[in-house]
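The values are calculated or read from the model by the stated rules, or taken from the named source; none is laboratory data. As the structure is a prediction and not an experimental result, all values here were calculated from the model. FYI the Cβ positions are ideal-geometry reconstructions off the backbone, even for glycines, and counts take in every protein chain you see.
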Amino acid sequence: MDEFASRHYPVKEHMRFQRRMWVVERVGWGVLGLIAVLGLTGLFGSGWLSRGTAAGNGLSIEYERFERATRLSAFAFHFAPGATERTLHLNRGFQKNYQISRIEPEPTRSQAEPDGFSLTFALPPEGGSVVLWAHARGYGIQRITARSDRAPPLSFSTMIYP
Amino acid sequence: MDSVLKAVVVFFVLWGIIRISGRRTLGEMTAFDFVLFLIIGGSTQRAITGEDYSMTNALLLVATFVILDIGLSMLDLKWPFMRRVLNATPTILVDNGHLLVNRMRRARLTQEHILEAARRLHGLERMDQIKFAILEASGDISIVPAIQQGTAKAARRA
């Protein structure tokens, strides 16, 4: 008798189903392995695929392209040399989807604006960096725009996984 | 609302992962399997509760999990096909004393596993004392002993 034929005694077997299930299992292991490998690359946040940068108009930004809900991540804003008081404007997309937990250094002033909010920092004339730590809140792709003082805005997108 | 949805998603994703991990994981739990299940429990628990430690949230989650469990058991009763999908199907590993090697390889089991079950369940020592070994849907191996010459005589004398 064929080894993979269904036997009916002492239990009724469904070998066709069982063999299909063994194949599904193996495909499933492949998928789990793939998830782990993609996780290592940073597709699900924190890794080289996730490192995002945007630069221009006197400002350069480092951010996490892929983010996970509730996770804390850093946004670094580097200001080009200029005035000693610099204002960073962030849009509502940022305000709605990130909960700021800490700003280094502390801004000297923060203000609500029609399309978001602004933070004013005291910086040396040769420029400097500001790091903003925030927890992701929303889900999905979020469009964020940031601008330094009156310069045109820089925009970038982040993907927040649930 | 999102508590219920999270519970449903986590329930089915976990079910799927445990289902494709194969039955070996469920039946005889090794020390390593035990640790694995502790970690799975610990890492999903926080994802479901999030930062909401309220009684309402706990109640919502428990209600959702229990109703899903009841729902699946009803599907299972009504349609035999669903029973196979949800809980697997029994597979014979030893048929009339004949070892079905290819099936065992696919189920990631060896003769050692069968002998271990035979010792534990019936105090059997050798493969030729086993008539049937069945990998049950639950993941356990059950054994039907062969009636030995000596035992049969003893049974007649008694």
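Residues in segment A:96-116 that are in a strand (DSSP E or B) and surrounded by fewer than 17 Cβ atoms within 10 Å (Cβ to Cβ): how many?
Step one: of segment A:96-116, the residues in a strand (DSSP E or B) are A:98-104, A:109-113, A:116.
When the remaining residues are screened for being surrounded by fewer than 17 Cβ atoms within 10 Å (Cβ to Cβ), the result is A:99-102, A:104, A:109-113.
Qualifying residue count for the region: 10.
Residues that are more than 30 Å from residue B:107 (Cα to Cα), of a type outside the set (D, E, K, R), surrounded by 15 or more Cβ atoms within 10 Å (Cβ to Cβ) and touching a residue at least 40 places away in the same chain (Cβ under 8 Å): does segment A:26-42 have at least one? Even if it seems obvious, please write down each step before you answer.
First, the residues of segment A:26-42 that are more than 30 Å from residue B:107 (Cα to Cα): A:41-42.
Checking the rest, the ones that are also of a type outside the set (D, E, K, R) come to A:41-42.
Then drop every residue that is not surrounded by 15 or more Cβ atoms within 10 Å (Cβ to Cβ), which leaves A:42.
Subset that is touching a residue at least 40 places away in the same chain (Cβ under 8 Å): none.
Scanning segment A:26-42 turns up no residue that is more than 30 Å from residue B:107 (Cα to Cα), of a type outside the set (D, E, K, R), surrounded by 15 or more Cβ atoms within 10 Å (Cβ to Cβ) and touching a residue at least 40 places away in the same chain (Cβ under 8 Å).
Would a scan of segment B:31-43 turn up a residue that is of a type in the set (D, E, K, R), more than 10 Å from every other protein chain (Cβ to nearest Cβ) and in contact with a Leu (Cβ under 8 Å, 6 or more places away or on another chain)? Looking through segment B:31-43, none of the residues is of a type in the set (D, E, K, R), more than 10 Å from every other protein chain (Cβ to nearest Cβ) and in contact with a Leu (Cβ under 8 Å, 6 or more places away or on another chain).
Filtering B:116, B:51, B:112 for residues that are within 11 Å of chain A (Cβ to nearest Cβ) and exposed (fewer than 15 other Cβ atoms within 10 Å of the Cβ) leaves a single hit, B:51. Of the residues making up segment A:71-86, just one is more than 24 Å from the chain's Cα centre (by Cα), in a strand (DSSP E or B) and in contact (Cβ under 8 Å) with a residue 60 or more places away in the chain, namely A:86. Taking the numbered list (1) part of a strand (DSSP E or B); (2) surrounded by 17 or more Cβ atoms within 10 Å (Cβ to Cβ) in turn, residue A:93 passes all entries but (1).
Taking the stated definitions as given, is residue A:108 farther than 24 Å from residue A:127 by Cβ and either touching a strand residue (DSSP E or B) at 6+ places or on another chain (Cβ under 7 Å) or not assigned by TED's automatic domain parsing to the domain that holds residue A:133 (or both)? Judged against the criteria, residue A:108 is not a match.
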